[in-house]
Each structure stands twice: as structure tokens, then as C-alpha cells.
Amino acid sequence: MAKKQIEIVVPTDWSAITLRKYLEMQVDLKQYEGEGDAVLATMFYHLCGLTPEIMFKLDTETFLTIKSDLVKFVGNTDVPLVRSFFRNGIEYGFHPNLSKIEYGAYVDMCKYVGDGISEDWSKVMAILYRPITKKIGKMYEVANYTGEEEYDWFLDLGMDVHFGAWFFFTHLSMDLLKGILNSLETSPEIPPNIKRILRESGEVIQQLSL
């Protein structure tokens, strides 16, 4: 019987993986947590399109090469922020000044941001990225927040955009937190016991934010 040739494409850029596919993979990875072969099969299937049946038929050299490439790939998620992109002829931009974001948008973001990039992340992205209404050079303004933004289409957007926004948002939050804690530490009118409590609470918050 003639051997069947198949083409195996190992992703090298997160733009090739949509949020929808990423979330599906996370569900399966959580289900098979601690089961080495099942975890590998899940990664091979969601990232390379290889079924477990095909994976176990690969020769050892090919299998180990793909495994090594995937481990390196999934470990590289700290990608730069994508400030703007086009969709259906409309340019969307990351909010240019999060310190001045609408209060309603802030409240909704706090409601949707959970443990990392989860099923509600597309709603956060619809808050962070909005149609650009005015642009001069690299400066731009985005549409006002209405609370009725469409968010489902973010599921089909590449993870390079999602990871870039996530790390920018979390790094900014960490910087703001550290700034607040440092300010309180150097303020003479704050009692020492209050500063100790804030410092300890801050350490917990920072750990939970990673």
C-alpha cells in the first residue's frame, strides 16, 4: 500500500490562530490537564490540524521536531500591541488614552476581565478597539463607547492582536498599581500599619494579576 503524504503546518506567528480556536484549545487543555499524551494531542490538533490518529503515526524525529516547535511557539505570547487594524474597510484603533476612558467602559471592562483571556475577552476587545473617527499622522480619536458594540467578530481575529492588547493592558495596570503603592509608601501622613496592610495587599494583587 502506497504511503499517504500529508502537509503539516506548524504556526510560527499568533496571527494564524484565532481567538475562537484559542478558546477551544484552552477548554480541551483544561479537561486533559496532567495527561501528557492528551495535552500534546490537543496542541497538535488545534494548532496544526493533526488528529490523534495521525499524530501517533508520525515517525519519532518528525514528532519530536513538531513538539519542540509547538512548545517554543505557545511560550511566546508576550507580543507587541497592535495599535490599529482594518476590518471590512473600517480602521479600528486601540483606545489612545486609557486614563480618560469613559466610566461606563471602565465598569464593563472590570466586569468582563476574568482569569486571563477567557470567553468574555471579545467583549473587552470591543471596548479597547473602536472605529477611528479622526486621524492626523499617528494621532487618532476613536468612537465614543455606547455599551452596544458588536464583539462576536473579535473571535475570528488573530491572537497576535489579543495577546498584544492583553499584555499592554495588564502591564499598564501593574504600573498604575505600583505607582499608587509607592505614592502611599512615601506619604508621611499615612500611619505605618495602614502602609503595611496596603503593601501586603498589593503583593497579593500583583500575584493575582500575573
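Since every read-out is calculated from the coordinates, none of them should be taken as a lab result. Everything numeric in this text was worked out from a predicted model, so none of it was measured. Here Cβ is always computed from backbone atoms with ideal geometry, including for glycine, and neighbour counts include all displayed protein chains.
Summary table
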{"quantity": "Alpha-carbon centroid distance for the pair region 17-83 / region 101-143, whole angstrom", "calculated": "29 Å"}
{"quantity": "Ascending count of other beta-carbon atoms within 10 Å, so fewest first, for E61, E119", "calculated": "E61, E119"}
{"quantity": "Q26-I136 FRET efficiency (beta carbon distance; Förster radius 35 Å; 0.05 resolution)", "calculated": "0.30"}
{"quantity": "Net charge dipole size for region 14-74 [Lys, Arg +1 and Asp, Glu -1 on Cβ; Debye, nearest 20]", "calculated": "260 debye"}
